[in-house]
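Trainee: Pasting a structure here, questions to come.
We did not get these values from a lab; they are worked out from the coordinates using the rules stated. Computed from a predicted model, the values in this text were never measured in an experiment. Cβ sites come from the backbone with ideal geometry, for glycine too, and all protein chains shown count toward neighbours.
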Amino acid sequence: MKAEANESGMRRRERTKRVLVTDHISEEGIKKLREFAEVDVELGLSEAELKERLAGSGAGYDALIVRSGTQVTKEVVEAGVGAGETGAASKLKIIGRAGVGVDNIDVATATEKGVLVVNTPEANSVSAAEHTIAMLLALARKIPAANASLKSGAWERKKHTGVEVQGKVLGIIGLGRVGSEVAKRAGAGGLGMRIVAYDPFVSLERARELGISLLGFDEVFPVADFLTVHTPLTKDTRHLVGAREFGLMKNGVQVVNCARGGIIDEAALLDAIKSGKVAGAALDVFESEPPAATATAGDEVEAELLGLDEVVATPHLGASTEEAQRTAAVAIAEEVRTALEGKPVRNAVNMVYVEEELLEGLKPWLVLAEKLGGLSAQLVPIVSKSSRIEIEEFKISYEGEIAAAGRGRGTRLLTVAVLKSFLSWFADGVNFVNAEAVARKFGIKVTESKTAGGGGGVENFSSLVSLTTTTRTARTATTTRTARTATTTRTARTAAAKGTATATGNGKEKKTVAGTLFGRGGGGGRDEPRVVEIDGFRVDAIPSGYLLVCGFLDKPRVIGPVCTVLGDEGVNIAGMQVGRENAGGEAVMVLNVDSPVGEETIKKIKKVKNIFDVRLVKL
């Protein structure tokens, strides 16, 4: 009896899991959460109120669940775990996003603090696809205008004559989960439309399975009667469809955006509608949300767009169905429960489950791995929109202590981290769970090698992580799809910098980046990620914030003019690293800058003699 009483007392003293929900989710999800945790629902909190709630709640919250309304900033994450208490046992362990996008969550800080971020990427795919189809049909048949007209007392059948979609060409930019679902519903088995699409990472075999004609970016616009976009919003896809692209389109094209505001340049769209190039647009998302309803309230462009009869608009309702909300709420509750029980989760955004004792030692290496993946992604060859980048091989090598003994068992986690970070620049919804599957889908060969080395070290470093990507650039031809490629070798770049002809070859290019941790074993110093090599050039760069990576010929009057351009444009240089092999040969310069560098400034830098490549990287 005494033993039973002691056991019962221990169970009572065991802390109950606590969950804070700050955005509306379905009641089914709340019920599921209450099966294993104490749940507080606090809606409409400001950032200051949320920080206070997380930091001043006694035992703290184990999990925070949000949708898109709550901004989970660096300060919010730090308040959740406790200032300076990375991974504190009684504090925030998981942030759950009931939905897909995690733009409102500082994932980098969460990772650094050991907080798992999970989402529900499959919960709203069908709803978003159905909403896209609904918007397309509403646009084609002028349903909103006809509805408003009839309710105002008018009977104007001729004015609201629409068009059929059967037999028309639907152009899709982006064939991820939602884009593929749209294609299924709009194609031969649904609305009977002919589907053409652009997605640089979808194979021709996969396109054929979906009944889609895969074209180059510029090839979609001249043939599409309707156009819909389904890409993530990144710095590369912002204003992906602008004035130039509208100029390539058919007269009378109709445009749909139910993906992310900002993919379509709203000012260019407005001009295209006014000119008659675009007959109508259906918008569920906007560059600023909520959009300005009147010109005096903010953005004149959005206000004017909303005032046009040619525009059908809804307030970001793509995922707003009872089914999607219920599915997302229940799914995120199950993910949170699984994570808090220490089991692997299906939709981790920033971490794969490994043994707790191993994970603790891998945390700083995870930060480095993501930095290397992001850096490599932003250094891949720049191609025209009608070209395709094929990533053929992804080689990751671990040398020294990181490859040895117990740490070596965690290299798969690091490899997935690098893959996830790299692929996230090119595809939506990539996470730690599906990164390897996405790589296989794209036909990328992933290899991992480990070399402990004599005594567990490598030249100059106790550990080194290297990533080499092999890419192939091919131009898509509408008829033959024959790849015409050009290589970019060191010889070719040097020739270009000197104004001579560029060499050609098999269209392949290799990019290598390598990094390590500084401070390990240094008397309690911090584990700081460093980039120590770019394409064979030794550097010592801090992979944080904005980096300007410049390839140049090591000649006089290169570094100075570049710095002068940045200074003239008000860009402060926080640090500089230069790596070279031989005097007068190729070199690389890495500048840590305190603010973004605009396109016009980059153009000025490219005009500096002997500069052959300039990349702005954000880490």
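Trainee: Need one word for segment 163-229: rounded, prolate or oblate. Basis is the Cα gyration tensor (sqrt eigenvalues a ≥ b ≥ c); a/c below 1.5 gives rounded, then a/b vs b/c decides.
Mentor: Note, shape of segment 163-229 comes out oblate.
Trainee: Oh, and also: Filter K158/K250; K113/K184; K142/K235; K51/K441; K450/K555 down to the pairs with a C-alpha to C-alpha distance above 31 Å, please.
Mentor: K113/K184; K142/K235; K51/K441; K450/K555
Trainee: While we're here: Run the quick spin-label model on A154 and L248: label points 7 Å from Cα toward the beta carbon, then report their separation in nm to one decimal.
Mentor: For the pair A154/L248, the computed spacing is 3.7 nm.
Trainee: Sticking with this one: Tell me which aspartates and glutamates have Cα within less than 16 Å of K151's Cα, excluding those fewer than 8 residues away on the same chain?
Mentor: D309
Trainee: How high is the relative contact order of segment 85-196, in percent, counting Cα pairs under 8 Å that sit 6 or more residues apart?
Mentor: RCO, segment 85-196: 21 percent.
Trainee: Would you mind calculating the relative contact order of segment 177-310 from Cα pairs under 8 angstrom and at least 6 residues apart, reporting the percent as a whole number?
Mentor: Once divided by the residue count of segment 177-310, the mean separation gives 17 percent.
Trainee: Let me ask you something else. Taking a ≥ b ≥ c as the square roots of the eigenvalues of the Cα gyration tensor of segment 168-315, is the shape rounded (a/c under 1.5), prolate (a/b larger than b/c) or oblate?
Mentor: Verdict is prolate for segment 168-315.
Trainee: For segment 515-619, what is the relative contact order in percent, using Cα pairs closer than 8 Å and at least 6 residues apart in sequence?
Mentor: Relative contact order here is 32 percent.
Trainee: Continuing with the same structure: Across segment 274-279, in residue order, what do the Karplus-derived ³J(HN,Hα) couplings come to in whole Hz, using 6.51 cos²θ - 1.76 cosθ + 1.60 with θ = phi - 60° and x for Gly and Pro?
Mentor: Listing the rounded values in order: 4, 7, x, 4, 9, 7 Hz.
Trainee: Under the 0.36 nm per residue contour assumption, what length would be gained going from the current alpha-carbon distance of E599 and A48 to full extension?
Mentor: Here the answer is 194.8 nm.
Trainee: Can you order the peptides 210-216, 152-158 by their average number of other Cβ atoms within 10 Å per residue, highest first?
Mentor: So the peptides 210-216, 152-158, ranked by packing, come out 210-216, 152-158.
Trainee: Taking the mean number of other Cβ atoms within 10 Å as a proxy for protection, how do you rank 139-146, 176-183 from highest to lowest?
Mentor: Averaged packing, sorted descending, gives the order 176-183, 139-146.
Trainee: Hey, how many Å between the Cα centroid of segment 558-619 and the Cα centroid of segment 233-306?
Mentor: Cα centroid to Cα centroid, the span is 34 Å.
Trainee: Now for a separate question. Between T321 and E393, how many nm apart are label points set 7 Å from Cα along the C-beta direction?
Mentor: According to this spin-label approximation, the distance is 4.5 nm.
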